[in-house]
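Shown next, in structure tokens, is the structure this report addresses.
The values are calculated or read from the model by the stated rules, or taken from the named source; none is laboratory data. None of these values were measured; they are calculated from a predicted model. Here the Cβ positions follow ideal geometry from the backbone for every residue, glycine too, while neighbour counts run over all protein chains shown. Side chains are part of the model used for accessible areas, which takes the heavy atoms of the whole protein and leaves out ligands, DNA and RNA. Shrake-Rupley method; radii C 1.70, N 1.55, O 1.52, S 1.80 Å.
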Amino acid sequence: MIGHALPVTTQGGPAAPNPGAPELPAALNRLRSAIAAMAYPLVLPSAEEGREVGTGLIAQLDDYLLPRLARLDAPLLVVVGGSTGAGKSTLVNSMVRARVSATGVLRPTTRSPVLVSHPADASWFRQGELLPGLTRTAGPTDAPDALQLVAAPALPPGLAFLDAPDIDSVVDANRALAVQLLAAADLWLFVTTAARYADAVPWQLLQTAQLRGTMVALALDRVPTEAVDEITAHLREMLTDHDLGDVPIFVVPETVVGGQGLLPEIVAAPLREWFGRLAGDAAARAAVIRQSLDGALSALAPTVEGLASAADDQLDAARTLTDRVRAAYRSASRNAEQAVQDGRLLRGEVLGRWQDFVGTGELFRSLEARVGRLRDRVLSAVTGRPAPANQLRTAIESQLVTLIKGAATEAADAAHLAWRTHPAGAALLTPDLARPSADLPERAERLVRDWQRDVLELVRTEAGDKRFVARTAAYAVNATGLAVMIAVFASTAFIPTGLEVAAAGGTTVAAQKVLEAIFGDQAIRNLANRSREGLLRRIRALLDEEAGRYLRLIEAAGVPPQAVDATATAPGDRLRAAAVEVEQARAAAGLSGGTPYRLPETLPGATGPLPGAVA
């Protein structure tokens, strides 16, 4: 290895953090809870990214931020990451002067990560506070959730190396684990080669490190001696273009690896010395830890904002789907209400049965002029023909059931179409939602029969001790109830107009006179209005139940009804509030002292304490 890093350092160092900041761990735990509560269940363009970022943030909180914040004095963890075959394991082995990580030509070589530390530091990593989701092992393993711990006396205390899987591994689990481990680093040592340093994947991760404020060093491996200056200059230019111009670069020339799988001592010594001096300088080591920790904390807010936006998308989609369903069923309900009131139901079978029930057309005409004088004759006509009454009741029931089924069909079709045009709705749809519920006809029939009983009970209540109840008993109530049902279907609250008389063939006039003879003019208005409202209320409730088939799918997907309520605090706002709380606690903690720290320059044969860096 060429024994120097490019000059980037000036003297100085960060201030000590505020030790009295218990608010920060509590704020981080509240943020973690808010992130964990978000599931992004609806199929939307931002959902998958939201789930991935949320999972990554929780892992970083558990793996690094919370345990590191609890132990700022723990050893400096250097995660060694890089591309397939870049020589990471060989470099780690050479740094600790022992074959602790497997090397070879087969890929991927590093199947489970290997963490190497001084024996005095082994307990910190063995306890599992850092990377608690990985099972500790003492030997090599292929288990994807294992972390092999190795003690290396040649490594100075206060420093540990973690040999991570390849960031571009052909194994998905290896790539995911590599990203997870890099998020737990106090210092990233990226290893790449002269042939692959311009690949896209390393630069994406380097950019992530820059955004997180993580300290980074870069090892450029297998560089032809004659191309060192040219390749190093180009790499430095690329780093500068990505706002990473201060990253130290270590160059490892092409060389022959020894029989123990180690680099020649002349190549490995400068980098080992650089890290050794970093480990030996407690102030510099603490500055790196605090700055990487502070950078990771400061990066939470913009990352959480992305999660909050994805959460907003979920809520907007849930509300949109809910509104579309409710709009479809409200429209069907309004159409049913109009059909009940505009005289439409007074035609056809109902009209014919009503005319059979009350007598001839001549009776209609005579009733218009002589109600008071003919009251008893009207009652006799109404109460003397039970068979037409049953037929009329059946006709009314049939008309209303047909109306309700039509409204439910119309609403189901409209809601199905509205959801089919929305990505989240289309993913939730099932074929049966395009039609009303299978038991709707039975429920509609039960609704109408219950309403008819309510009308009869209303007539009994309103009649009170009127003489006609005593004179005509139960059948008078039934007959009057039928007249009230006919009255319900008049659009003018049962005050007939010329147009209404023409449209309904005098039906409303006849019904009005029957009821006026019993109750009086004002009472019939109240009776008809209350009966109509009772019917419409039942229809609305039935259609709401039908709409619930759609809304329950949203809830089953993971969006509770209370979240859709416009008065509820949006999950995205809860995430934002938690992130603001973390940022305020971070600022109060003063981890980095507000002074950026730069990694030190190393020159061949350099001695003495590590210089700090003040930007």
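A few comments on the model shown:
- Here segment 143-173 and segment 297-342 have alpha carbon centers that stand 47 Å from each other.
- If you plug the beta carbon distance of R525 and L211 into 1/(1 + (r/R0)^6) with R0 = 45 Å, you get a FRET efficiency near 0.05.
- Segment 164-299: relative contact order as a whole-number percent, Cα under 8 Å and 6+ apart: 26 percent
- Of the residues V53, S101, L134, the one whose Cα sits farthest toward the positive end of the charge dipole of segment 48-159, with +1 on the Cβ of Lys and Arg and -1 on the Cβ of Asp and Glu, is S101.
- Remark on segment 121-258: hydrodynamic radius 16.7 angstrom, per the Kirkwood mean of 1/r across alpha carbon pairs.
- Kirkwood Rh in Å, taken over segment 156-201 so that all alpha-carbon pairs contribute: 12.0 Å
- The calculated pair-distance distribution of segment 184-241 uses every alpha carbon pair, bins of 10 angstrom beginning at 0, and gives 21, 55, 21, 2 percent.
- Carbon and sulfur %, accessible surface of segment 176-263 computed with the full protein complex present, 1.4 Å: 53 percent
- Residue-normalised accessible area of segment 201-247, given per residue in Å² at a 1.4 Å probe: 48 Å²
- Size-normalised alpha-carbon gyration radius of segment 205-296, reference 2.2 N^0.38 Å: 1.25
- As a calculated quantity, the FRET efficiency between D199 and A154 at R0 = 45 Å, using C-beta atoms, amounts to about 0.90.
- Inter-site label distance for A568 and A426 at 7 Å from Cα along Cβ, in nm: 2.7 nm
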